[in-house]
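Just so you know, all these numbers are worked out from the coordinates, no wet-lab data involved. In this text, all values refer to a predicted model and were calculated from it rather than measured experimentally. Cβ sites come from the backbone with ideal geometry, for glycine too, and all protein chains shown count toward neighbours.
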Amino acid sequence: MSNFHRTTFYIGVTSDIRKRVAEHKSGTGSAFTKKYQLKDLVYFEEHSDIRYAIEREKKLKNWHRDWKINLIKSMNPDMKDLTEGLW
C-alpha cells in the first residue's frame, strides 16, 4: 500500500486481499496506513502457502527503500493503484 505521492509504503500479508484493501481504503486497515493515508495498492504477490507469504513479508520489510521501489516498478512501472484493474 502507498500514499498518493508514493512517499510511504506498507507491506503486509492477508488471506483476503479484497477485504484488506477495502479496510485500508476506508481507514480501518491499520494505524500505520491510516496515519499516512496509504490507500493505493501498488504491488502484490500471491502465495499458496501462508508460511512462505509471511517469510516473504519479513524479508521485504528489511529491504532498502530503493529495492522496494524497483520491485514495485518491475510489475507496475507507473506505480498506479492496481485495485481498479483487479475488481
The number of Lys pairs in region 17-82 whose alpha carbons lie under 13 Å apart, excluding pairs fewer than 8 residues apart on one chain, is 7
Given Cβ charges of +1 for Lys and Arg and -1 for Asp and Glu, the option among Gly27, Asn70, Gly85 whose Cα lies farthest towards the positive end of the dipole of the chain is Gly27
Exposure-ranked with fewest Cβ neighbours within 10 Å first, Trp63, Trp87 stand as Trp87, Trp63
With region 17-82 reduced to its Cα atoms and the Debye formula applied, log10 I(q)/I(0) at q = 0.11, 0.20, 0.22, 0.27 1/Å amounts to -0.29, -1.02, -1.19, -1.30
The summed charge of the Lys73 Cβ neighbourhood (under 13 Å; Lys/Arg +1, Asp/Glu -1) stands at +2
For the chain, averaging the sequence separation of alpha carbon pairs under 8 Å that lie six or more residues apart and dividing by its residue count, the contact order in percent is 31 percent
Rounded to one decimal in nm, the spacing of the 7 Å Cα→Cβ label points at Arg65 and Ala22 is 3.4 nm
Taking Glu23, Glu45 and counting other beta carbon atoms within 10 angstrom, the fewest-first order is Glu45, Glu23
